[in-house]
Amino acid sequence: MANFQTVPVLKDLAAKYDHTTAQVMLRYLTQRQIMVIPRSTNPAHMAANINIFDFALTAADLARVQALDEKFSLSGWPSSMTLDEDY
């Protein structure tokens, strides 16, 4: 996937929910019950990273983000994290 900040679907959802693309991605992951540990030392980014609980993605929006999955894994991940499972 390209830089997630430039992906049209994510930009559309960010505008729809009046949040950033990063917040949309964090919300997507938390709604899917995937543990997220964002990394930032910037206080503004840290505040934005936690400000994801005032909106919820619809089932259709979750599906739009899921459709972006290219089933591509970075090297070095444990094999248990590269299984091809449908969610």
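Laid out as a table, the results:
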| item | result |
| --- | --- |
| Any pair with Cβ under 7 angstrom, 6 or more apart, that starts in region 40-63 at a residue that is part of a loop (DSSP other than H, G, I, E, B) and of a type outside the set (A, V, I, L, M) and ends at one that is surrounded by 12 or more Cβ atoms within 10 Å (Cβ to Cβ) and at pLDDT 95 or above | Asn51/Gln23; Phe55/Tyr17; Phe55/His19; Phe55/Arg27 |
| Restricting region 1-43 to residues that are within 17 Å of Leu62 (Cβ to Cβ) and of a type in the set (Ser, Thr, Tyr), the residue that is surrounded by the most Cβ atoms within 10 Å (Cβ to Cβ) | Tyr28 |
| Answer from Leu83, Leu10 - the residue that is of a type in the set (A, V, I, L, M) and at pLDDT 85 or above | Leu10 |
| Filter result (of a type in the set (Lys, Arg) and assigned to a helix (DSSP H, G or I)) within region 64-74 | Arg64 |
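The values are calculated or read from the model by the stated rules, or taken from the named source; none is laboratory data. Keep in mind that what you see is a predicted model, and the values were worked out from it rather than measured. Neighbour counts run over all protein chains shown; Cβ positions are idealised from the backbone, glycine included.
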